[in-house]
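The next block holds one structure in the form of structure tokens; read it before the comments.
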Amino acid sequence: MERVLIGTVTLKKDTVMYNQQFSYAADFEELTVKAGKYPIYAYLCDLLKVPDGIALGWRNYVGYEGEVIRNSFGSKPGTPTSFHRMAYPHHLAECFMRSSIVDDKEYELAPDWEVTLREGEYDGRRIWSHEIRLKAGAELPIME
């Protein structure tokens, strides 16, 4: 499946993460992710066609690479692993808008995207939320 680059997150220091995104509830993995830059992406099939362009859908990912500390699968410590943490678009928009360090992470939105304010209705009340949209005339930045 083709992936579309949304931006990057830079970890300022080595970080221990806990992955519970497995199909079996008891499975887990604790991993160390080195300081560095990691991609934020969505699958092409998950993007939304909106009346005036393309916006992110609810499934977006941060692609971390690291090493196992321990897990429920019996892998040895130090074994290479990856963790593709799911991120909702409104949370990513907030991180990109801050454009500064959030929890020892620095977020950078790719130049083809922009954060916009969207008005809607929920339970009979007007609401607003931020979304991430492809800029008018921009090409989708497909990852290799």
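Before moving on, here are some points about what is shown:
- All of E94, E106, E144 fail the test of being surrounded by 13 or more Cβ atoms within 10 Å (Cβ to Cβ) and either touching a residue at least 40 places away in the same chain (Cβ under 8 Å) or closer than 20 Å to C45 by Cα (or both), apart from E106.
- Lone unmet requirement of (1) over 19 Å from A110 (Cβ atoms); (2) at pLDDT 90 or above; (3) aromatic (F, W, Y) for F73: (2)
- Qualifying residue in the stretch 51-59 (condition: under 25 Å from I142 (Cα atoms), under 14 Å from the mean Cα position of the chain (by Cα) and of a type in the set (D, E)): no
- All of (1) in a strand (DSSP E or B); (2) exposed (fewer than 15 other Cβ atoms within 10 Å of the Cβ); (3) of a type in the set (A, V, I, L, M, F, W, C) hold for W58 with one exception: (1).
- Count - residues of the stretch 106-144 that are among the charged types (D, E, K, R), in contact with a Phe, Trp or Tyr (Cβ under 9 Å, 6 or more places away or on another chain) and more than 20 Å from R59 (Cα to Cα): 1
- Scanning the stretch 9-34 for residues that are closer than 16 Å to G78 by Cα and either touching a Lys or Arg at 6+ places or on another chain (Cβ under 7 Å) or not polar (S, T, N, Q) (or both) yields D14, V16, M17, Y18, F28, E29, E30, L31, V33, K34.
- The stretch 35-49, residues that are touching a Lys or Arg at 6+ places or on another chain (Cβ under 8 Å) and closer than 12 Å to L11 by Cβ: A35
- Residues within the stretch 1-47 that are assigned to a strand (DSSP E or B) and either without any contact (Cβ under 8 Å) to a residue 60 or more places away in the chain or acidic (D, E) (or both), tallied: 12
- For the stretch 5-14, filtered to residues that are touching an Asp or Glu at 6+ places or on another chain (Cβ under 7 Å) and either polar (S, T, N, Q) or closer than 18 Å to D46 by Cα (or both), the residue that is surrounded by the fewest Cβ atoms within 10 Å (Cβ to Cβ) is T10.
The values are calculated or read from the model by the stated rules, or taken from the named source; none is laboratory data. Computed from a predicted model, the values in this text were never measured in an experiment. Glycine also receives a Cβ, built like all others from the backbone with ideal geometry; neighbour counts cover every protein chain displayed.
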